[in-house]
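**Student:** Handing you a structure now.
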Amino acid sequence: MGGPTTPSIAFLAVLVVAGGPVGLLGCGSGDGGGTSTAAPATAPAAEASPSAEAEAAEEVEPGRDLAGLRALVNDDGTITLSGTDRWGERFETTYADLSFFAGSVPVWKRMVTDDQSAALEAFLAELEGAAPADDPEEAEEVLEEEVVEEE
């Protein structure tokens, strides 16, 4: 059996079960020489002031608002779509080009609200109207028309 300053095995087992490993931190030799390894308490982080929140709300994300979704056509031709779906889940995804984005719109229409779906359709129609023609002959005709207009 242990001496007066040595805890018994049964006592240690109760501490581990009842207090977990933290319960053992208080066990020492009884001479006051034991040290605690617990970290000191830290003060809670200061909350943002109302003026800071107002400034953050005024900052506008780049891109275009589509009834709560955010669409951005990047300089490299990729298209980034972000927002919250109808189930409240945040998302952000980037498409390689207009054809990939156009292929995703039918799927997004099932995942977002009706207003967002209509806004996505309108945005896609606008992008497709501004896109260069896929037909090389048609693209050449457009280039020739632009050259004739400049002369």
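**Student:** Can you give me the long-range amide H partners of Val112? Hydrogens built in the peptide plane at 1.01 Å from N, cutoff under 5 Å, separation of 5 or more residues or another chain.
**Tutor:** Arg86
**Student:** Separate question: Which net charge results for the neighbourhood of Arg86, defined as the other residues with beta-carbon distances under 13 angstrom from its beta-carbon, given Lys and Arg at +1 and Asp and Glu at -1? Please report the intermediate quantities before stating the final value.
**Tutor:** Details: positive: Arg90, Lys109, Arg110; negative: Asp85, Glu89, Asp114, Asp115.
Within the 13 Å Cβ shell, the charges total -1.
**Student:** Now, a different point. Going by how many other beta carbons lie within 10 Å of each one, how would you line up Ser99, Ser82, fewest first?
**Tutor:** On the way: Ser99 12, Ser82 15.
Final ranking by Cβ density, sparse to dense: Ser99, Ser82.
**Student:** Calculate, for Glu89 and Glu121, the FRET efficiency according to 1/(1 + (r/R0)^6) with r their C-beta to C-beta distance and R0 22 Å; round to the nearest 0.05. Don't skip to the answer; put the middle values down first.
**Tutor:** Working: r = 21 Å, r/R0 = 0.98.
After rounding, the FRET efficiency stands at 0.55.
**Student:** What FRET efficiency comes out for the pair Val73/Met111, r = Cβ-Cβ distance, R0 = 25 Å, nearest 0.05?
**Tutor:** Once the sixth-power term is evaluated, E becomes 0.75.
**Student:** Which chymotrypsin sites (Phe, Trp or Tyr not before Pro) does the range 79-112 hold that lie in a coil by DSSP with at most 10 other beta carbons within 10 Å? Don't jump to the answer; show the numbers that get you there.
**Tutor:** Values: sites: Trp87, Phe91, Tyr95, Phe100, Phe101, Trp108; in loops: Trp87.
Answer by residue number: Trp87.
**Student:** While we're here: For the range 63-130, place one equal point scatterer on every Cα, skip the solvent, and apply the Debye formula. What is log10 of I(q)/I(0) at q = 0.12, 0.16, 0.25 Å⁻¹?
**Tutor:** -0.25, -0.46, -1.20
No lab work stands behind these numbers, since they all come straight from the coordinates. Everything numeric here is computed off the predicted structure, so don't read it as measured data. Please note: Cβ atoms are built from the backbone with ideal geometry, for glycine as well, and neighbour counts cover all protein chains shown.
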